[in-house]
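Okay, so here's the structure we're looking at.
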Amino acid sequence: LASLEISAAAGRATLRRKEVTVGMDLADLPERMRRWGWEGENSSKPLLLFGDDQDEVRKAHALLREEGFTSVSNAGTREAVAAALRRPRSRGDFAPGGRSTS
């Protein structure tokens, strides 16, 4: 799973995947994501999108969809991502191996 954090306040975006973190100016986002997605053959891999400004996150989401990214999840804000990670799960939520039991 990769993540793309939009920081409108700083005018930057940060792409994270495994141990690699790549920062970029928002103005460079279309070209950099196009290169990472198509040339790096990553456009079908899951991408979690979030940031500090909902309008900028929505613009980035639209851009990614336009560029052919097929598995983008718009999580909204950093706080929403943190809250989802902290949320306790009931024992029946997932079976071993990460599969849903429902």
Pairs where the first residue, in the range 53-65, is in contact (Cβ under 8 Å) with a residue 12 or more places away in the chain and the second is among the hydrophobic types (A, V, I, L, M, F, W, C) and in a helix (DSSP H, G or I), C-beta under 8 Å, 6+ apart: 56/26; 60/29; 63/29; 63/33; 64/33
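Take the residues of the range 57-79 that are touching a helix residue (DSSP H, G or I) at 6+ places or on another chain (Cβ under 7 Å) and within 16 Å of residue 12 (Cβ to Cβ): which is least open to solvent (accessible area, probe 1.4 Å)?
Of the residues in the range 57-79, the ones touching a helix residue (DSSP H, G or I) at 6+ places or on another chain (Cβ under 7 Å) are 60, 63-64, 67-69, 72, 74-76.
Now drop any that are not within 16 Å of residue 12 (Cβ to Cβ), which leaves 60, 63.
Values: 60: 5, 63: 35 Å².
Ranking the qualifying residues of the range 57-79, first place goes to 60.
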Output for the range 1-32, where each listed residue is in contact with an Asp or Glu (Cβ under 6 Å, 6 or more places away or on another chain) and in contact (Cβ under 8 Å) with a residue 24 or more places away in the chain: 6, 7, 8, 9
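Mind telling me which of the residues 44, 73 ends up being within 10 Å of the chain's Cα centre (by Cα) and modelled with pLDDT under 95?
Selected residue: 73, the only one of 44, 73 that is within 10 Å of the chain's Cα centre (by Cα) and modelled with pLDDT under 95.
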Hits in the range 17-41 (condition: touching a strand residue (DSSP E or B) at 6+ places or on another chain (Cβ under 8 Å) and either modelled with pLDDT of 95 or more or of a type in the set (A, V, I, L, M, F, W, C) (or both)): 21, 22, 23, 24, 25, 26, 29, 33, 36
Residue list for the range 34-47, filter: open to solvent by 40 Å² or more (accessible area, probe 1.4 Å) and under 23 Å from residue 11 (Cβ atoms): 34, 35, 36
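The values are calculated or read from the model by the stated rules, or taken from the named source; none is laboratory data. Please read these numbers as outputs of a predicted model, since none were measured by experiment. Here Cβ is always computed from backbone atoms with ideal geometry, including for glycine, and neighbour counts include all displayed protein chains. Note: areas computed on protein heavy atoms with side chains; ligands, DNA, RNA excluded. Shrake-Rupley method; radii C 1.70, N 1.55, O 1.52, S 1.80 Å.
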